[in-house]
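For reference, the structure discussed in these notes is given below.
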Amino acid sequence: MSEELENIENAEKIPNVLACDCGNSTIALGWVHSETVCDAQSFALGAPAELAQALSKLWAKMPQPKCVAAASVNPSATKALQASVRQATGQDVLVVGQGLPLPIEVSPALANPERIGTDRLCCAVAAYDKLGSACVVADFGSAATIDCVNDEGVFMGGAILPGLAIAADALSKKTAQLPRVELDQPDGVFGTDTAGAIRLGLVRGMRGALRELAEAYATELGTWPAVIITGGEAKLICPNPGQNGLVQALVEDLCLRGVAMAYYKSLLQE
């Protein structure tokens, strides 16, 4: 992608992107320049003053040319971001799937590509751009998504699961005696008390889902894809990427990279 960017017509230099990811519980943002991400940070929803202050500081540091772009799975968070961006920068937000085209080709087997979460597509394009080959892209946030990109760079679809925190809440709220546990690494292979058994089931269960789906995707593709993970709960699910035989890398800012790529690709299409 960086070589293609050098060929953008009438661009004195590669644009800087204030990339944002509006999730179900947080808004993440960072300054992306080509393949470099810096000042990545995250804010809980409902903290507009802190968000506007961070946006203003980051925008002031970024040289021209620059823009603000975002992926979102949360319409109310998008509105909050747009208001904060206008307050902080005077700019409008380019939103993937609205002002910006989808950044990756989608399999024709997917009937409604416009309804796919743009965070999933941004993570997928960023992972494939780095690897250049088939990959599994898992984002462990409020919801967990485990998706597949084939060797040609086509987004094939994937699976959506409850995230660990949602699953923990559901166990507590929908049962008579199970407690709400704090999420943490389980101790050992056997849960020796109720809280330990819940942690074991949640964390190892999600890890098992990732393995099962990666194996299923590999069978369909006819080759074993690299597995890239991201999201707030990724370290809990896989604390040792590259050493466990399943996950090759954990990339915390994967979606922000994909948001910037969506903008760069739109320039190349002009």
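The values are calculated or read from the model by the stated rules, or taken from the named source; none is laboratory data. The shown structure was predicted, so the numbers you read here are calculated from the model rather than taken from an experiment. Methodologically, a virtual Cβ is constructed for each residue, glycine included, from the backbone with ideal geometry; neighbour enumeration extends over all protein chains shown.
A few comments on the model shown:
- In the condition set (1) aliphatic (A, V, I, L, M); (2) under 18 Å from the mean Cα position of the chain (by Cα); (3) part of a loop (DSSP other than H, G, I, E, B), ALA111 is compliant with all but (2).
- Taken together, the residues in the stretch 43-55 that are closer than 15 Å to GLY30 by Cβ and either in contact (Cβ under 8 Å) with a residue 24 or more places away in the chain or assigned to a helix (DSSP H, G or I) (or both) amount to 3.
- The stretch 219-270, residues that are among the polar types (S, T, N, Q) and in contact with a Leu (Cβ under 8 Å, 6 or more places away or on another chain): THR230, SER266
- Just one of the numbered conditions (1) within 24 Å of LEU236 (Cα to Cα); (2) part of a loop (DSSP other than H, G, I, E, B); (3) in contact with a strand residue (DSSP E or B) (Cβ under 6 Å, 6 or more places away or on another chain) is not true of CYS123: (2).
- Residues of the stretch 146-185 that are of a type in the set (Val, Ile, Thr) and touching a residue at least 40 places away in the same chain (Cβ under 8 Å): ILE146, VAL149, VAL154.
- Candidates ALA165, ALA195, filtered to the one that is assigned by TED's automatic domain parsing to the domain that holds ARG120, surrounded by 14 or more Cβ atoms within 10 Å (Cβ to Cβ) and either in contact with a Pro (Cβ under 9 Å, 6 or more places away or on another chain) or among the polar types (S, T, N, Q) (or both): ALA195
- Test: VAL203 is in contact with a Leu (Cβ under 7 Å, 6 or more places away or on another chain), crowded, with 16+ Cβ neighbours inside 10 Å and at pLDDT 95 or above: yes
- Selection of the stretch 54-73 for residues being surrounded by fewer than 20 Cβ atoms within 10 Å (Cβ to Cβ), modelled with pLDDT of 95 or more and among the polar types (S, T, N, Q) yields only SER56.
- Odd one out for LEU45, checked against (1) modelled with pLDDT under 95; (2) over 21 Å from ARG120 (Cα atoms); (3) surrounded by fewer than 20 Cβ atoms within 10 Å (Cβ to Cβ): (2)
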